[in-house]
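Structure, as structure tokens:
The values are calculated or read from the model by the stated rules, or taken from the named source; none is laboratory data. Here the structure is a predicted model, which is why all the values come from computation and not from measurement. Please note: Cβ atoms are built from the backbone with ideal geometry, for glycine as well, and neighbour counts cover all protein chains shown. Accessible surface areas use protein heavy atoms only, side chains included; no ligands, DNA or RNA. Shrake-Rupley method; radii C 1.70, N 1.55, O 1.52, S 1.80 Å.
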Amino acid sequence: MNTVRRLLYWIPACIICGISWYLSSQETIEQMPEFWNADKFVHFICFGGFCFWVSFACFIRRKRSVWLPVLIVSVYGIIDEIHQSFTPGRECSVFDWCADILGAVMGAFVFLFVLHLVGRFWARGCNGAERSAKAE
């Protein structure tokens, strides 16, 4: 696979990273849900999506390989929390980082699950086309 194509796979992850960084720079977020620990839920979902796309960019194909995207996203989570500590009205939280890590693990495994489903669908589609060609 050429270098340009490999770099293009990182675009969704970079977009999520940029949006996350921008939101971390804001004193308050207007559209935040209002329930107990809503910020942890948002961290979990956002970092899960981030890790999904990092897994895509890293070409993860097996369970034993999920450590790489989870590590990348976890390190970004630490950097993001430190960045928040310099933003007025925001604070650095170990619990937010824990939500980031749990979301990252979930995102990596959701990616593997989606990859498995797409693989099964693709295999069925190809086999179905071969069967119909043989029947004719």
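Structural remarks
- Exposed loop sites here mean trypsin sites (Lys or Arg not before Pro) with a DSSP loop assignment and at most 13 other beta-carbon atoms within 10 Å; the chain contains its longest site-free run at 63-136.
- Over the chain, the ratio between the Cα radius of gyration and 2.2 N^0.38 Å evaluates to 1.32.
- Span from the segment 57-103 Cα centroid across to the segment 1-18 one, whole angstrom: 18 Å
- Averaging the sequence gap over all C-alpha pairs within less than 8 Å and six or more residues apart, then dividing by the number of residues, gives segment 1-86 a relative contact order of 37 percent.
- Rolling a 1.4 Å probe across the protein heavy atoms gives the chain an accessible surface of 69 Å² per residue.
- In the chain, the longest principal axis of the Cα atoms and the axis of helix 67-85 are about 20 degrees apart.
- Residue of F56, F121, F41 that the Gaussian network model of the chain assigns the largest fluctuation, springs spanning Cα pairs under 10 Å: F121
- Fraction of accessible area attributable to carbon and sulfur, segment 15-136 (%, probe 1.4 Å): 69 percent
- The angle between the Cα long axis of helix 94-135 and the longest principal axis of the Cα atoms of the chain comes to about 10 degrees, rounded to the nearest 10.
- Under Karplus coefficients 6.51, -1.76 and 1.60, residue-wise ³J(HN,Hα) of segment 34-51 in Hz, glycine/proline x: 10, 8, 4, 6, 4, 5, 5, 4, 5, 4, 4, 5, 5, 6, x, x, 4, 5
- Net +/- balance of residues flanking C92 in space, Cβ distance below 10 Å, scoring K and R +1, D and E -1: -3
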